[in-house]
Amino acid sequence: MILEMANLQVKEGMEEQFELGFKTAGQYISSIEGYRGHTLKKCLEHKNKYLLLVNWDSVEAHEVGFRKSEVYLKWKALLHHYYEPFPTVEHYSTVLDNSF
């Protein structure tokens, strides 16, 4: 499994609208083959910063399956206008997992 991590900085004052849009956008990403779940976390120190964590079967499931799909256009239309600057996205594999 691959973990996608995206640091999202939302334009100030648009946090509530972004969160509502994100709830709707979840239906699009979750429809993609290879998607395994996602979490959106809000920064405690900066109210307009978020961390998106998405579990995928592979990098290709994200970069090809999702980003080249028609549902990505719906995701993009709902969310991309909230970001300033545009998010940094990286993929991680697990080296050690000591979670409970």
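Each reported figure results from applying straightforward, stated rules to the coordinates on display, with no laboratory input. Since the structure is predicted, the reported quantities are computational estimates derived from the model, not experimental observations. Glycine also receives a Cβ, built like all others from the backbone with ideal geometry; neighbour counts cover every protein chain displayed.
Here are a few things to note about the model shown:
- Among 13, 21, 37, residue whose mean-square fluctuation peaks in a GNM of the chain (springs only between Cα atoms under 10 Å): 13
- Expected 222 nm ellipticity per residue - DSSP helices of 4 or more, -39500 (n - 2.57), all of the chain, to 500: -8000 deg cm²/dmol
- GNM flexibility winner over the chain from 38, 81, 46 (Cα, springs under 10 Å): 46
- Within a Gaussian network of the chain (alpha carbon springs, distance under 10 Å), most fluctuating of 59, 71, 89: 89
- Cα-based equivalent ellipsoid of the range 2-93: semi-axis lengths in Å, sorted from largest, via gyration tensor: 21, 15, 11
- Basic side chains Lys and Arg get +1 at the Cβ, acidic Asp and Glu get -1 at the Cβ, and with that the dipole of the chain about its Cα centre reaches some 220 debye.
- Centroid-to-centroid separation of the range 63-82 and the range 7-30 [C-alpha atoms, Å]: 13
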